[in-house]
Amino acid sequence: PNRRREARRFGLAACWAAMVVAEWMFGISTALIGCFFAATGMVLMKASAQVEHRLPWHRRHRWMAGCFSLVVNATVMETIALALAPLSLLAPLAGCTMVFSTLLARCGAISHKEAVHETRWASIAITLVGVTVVSLYGPHEGTEVTEENVYRLLSHPPFIAFAAFSTIAIGLVTLLWHLEPAAMRKDRYLVPLLAYAAASCGALSLSFLKVLALAIRSALQADPALGQRSELFAPHSFLALLALATYAPLQLVLLNSALVLSPVSFAVPMYESLLVVLSIVAGGTFYP
């Protein structure tokens, strides 16, 4: 009987582990599809800056298509991926976006064809290897956000410090862009500032999107008959939604400004590299 009991426990543990791995793999696959949507969106926005810059906003069809592609990635693909896999595992996958965007810019199918030198191809290869290694051997555990611990996570001092510093930096760059747009357009060395501000918005959006994604997942899995409550309408869900409504539009505006000032093969890798680093920092400070 003891052996049967141990075998039954082992079988249940194996089934549970297989389900977790299947969820992670589906989350990773969804994230990769989202990376392609994001890359396509950024190349479309660059194409709009090249051929539609004299048109009014409502007639910039490439820009609208690019924004739609980025929004689909942010609202659908990332939400599904974040609900199934840990943030620390998904964040490095953003490196695939720089690979896809560089390939799209090189082929010239969407925007003007850009020259990509051998060093860029070497960087793409290194990025693919790095993404694969991180996906296979990266940290696979994450703290589940619940109504009991979400306020403790949101009030964690390192996360508050990161969010405050990032918000101040975003505000300063946005203010500089608003007050001195002509000067910033002439100085391409300010592209890193725009990329950093956009990446900061993206990292904060990703953190709060994780909270909202888990709340949506709890709403789908909650069974009122068993006394389970949905967290979708909890205060922390509305806080996450408010943060997304603030940072996500700023991310699009700042990213579009960086793409206007520089080639895709320069702006996107810089933005995505910063996004990977800042997303990992955000996840590390949010989940103690």
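With respect to residue 69, is the statement that it is free of Cβ contacts under 8 Å to residues at least 60 places away in the same chain, open to solvent by less than 20 Å² (accessible area, probe 1.4 Å) and either touching a Leu at 6+ places or on another chain (Cβ under 6 Å) or of a type in the set (Gly, Ala, Ser) (or both) true? It would help to see each step written out before you state the result.
Numbers: free of Cβ contacts under 8 Å to residues at least 60 places away in the same chain: yes; open to solvent by less than 20 Å² (accessible area, probe 1.4 Å): yes; either touching a Leu at 6+ places or on another chain (Cβ under 6 Å) or of a type in the set (Gly, Ala, Ser) (or both): yes.
Answer is yes for this residue.
For region 139-160, state whether one or more residues are of a type in the set (Phe, Trp, Tyr) and modelled with pLDDT of 75 or more.
Yes, because at least one residue in region 139-160 is of a type in the set (Phe, Trp, Tyr) and modelled with pLDDT of 75 or more.
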*From 116, 131, grab the single residue that is assigned to a helix (DSSP H, G or I), open to solvent by less than 30 Å² (accessible area, probe 1.4 Å) and modelled with pLDDT under 75.*
131
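Checking the structure you have, find out if any residue of region 91-104 is more than 21 Å from residue 200 (Cβ to Cβ) and out of contact with any helix residue (DSSP H, G or I) (no Cβ under 7 Å at 6 or more places or on another chain). Show your work before the answer.
We begin by selecting, within region 91-104, every residue more than 21 Å from residue 200 (Cβ to Cβ); these are 99-100, 102-104.
Among the residues that remain, those that are also out of contact with any helix residue (DSSP H, G or I) (no Cβ under 7 Å at 6 or more places or on another chain) are: 103.
Yes, the conditions are met somewhere in region 91-104.
Test residue 3 against the criterion of being over 23 Å from the mean Cα position of the chain (by Cα), of a type in the set (D, E, K, R) and at pLDDT below 60, and give yes or no. I'd like the intermediate steps shown before the answer.
Working: over 23 Å from the mean Cα position of the chain (by Cα): yes; of a type in the set (D, E, K, R): yes; at pLDDT below 60: yes.
Taking the combined requirement at face value, the residue satisfies it.
Of all residues in region 238-259, which are touching a helix residue (DSSP H, G or I) at 6+ places or on another chain (Cβ under 7 Å) and surrounded by fewer than 18 Cβ atoms within 10 Å (Cβ to Cβ)?
241
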*Out of all the residues in region 46-61, which are free of Cβ contacts under 8 Å to residues at least 24 places away in the same chain and either open to solvent by less than 50 Å² (accessible area, probe 1.4 Å) or in a helix (DSSP H, G or I) (or both)?*
48, 51, 52, 57, 58, 59, 60, 61
*What are the residues in region 189-203 that are in contact with a helix residue (DSSP H, G or I) (Cβ under 7 Å, 6 or more places away or on another chain), open to solvent by 40 Å² or more (accessible area, probe 1.4 Å) and farther than 18 Å from residue 279 by Cβ, if any?*
193
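On the basis of being surrounded by fewer than 17 Cβ atoms within 10 Å (Cβ to Cβ) and either assigned to a loop (DSSP other than H, G, I, E, B) or modelled with pLDDT of 65 or more (or both), does residue 95 make the cut?
Working: surrounded by fewer than 17 Cβ atoms within 10 Å (Cβ to Cβ): no; either assigned to a loop (DSSP other than H, G, I, E, B) or modelled with pLDDT of 65 or more (or both): yes.
No.
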*Among the numbered criteria (1) open to solvent by less than 70 Å² (accessible area, probe 1.4 Å); (2) modelled with pLDDT under 80; (3) closer than 28 Å to residue 284 by Cα, which single criterion is violated by residue 233?*
(1)
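The values are calculated or read from the model by the stated rules, or taken from the named source; none is laboratory data. All of these numbers come straight from a predicted model, not from anything done at the bench. Cβ coordinates were reconstructed from backbone atoms using ideal geometry, including for glycine residues, and neighbour counts include every protein chain displayed. Just so you know, the surface numbers come from the protein's heavy atoms only, side chains and all, with ligands and any DNA or RNA stripped out. Shrake-Rupley method; radii C 1.70, N 1.55, O 1.52, S 1.80 Å.
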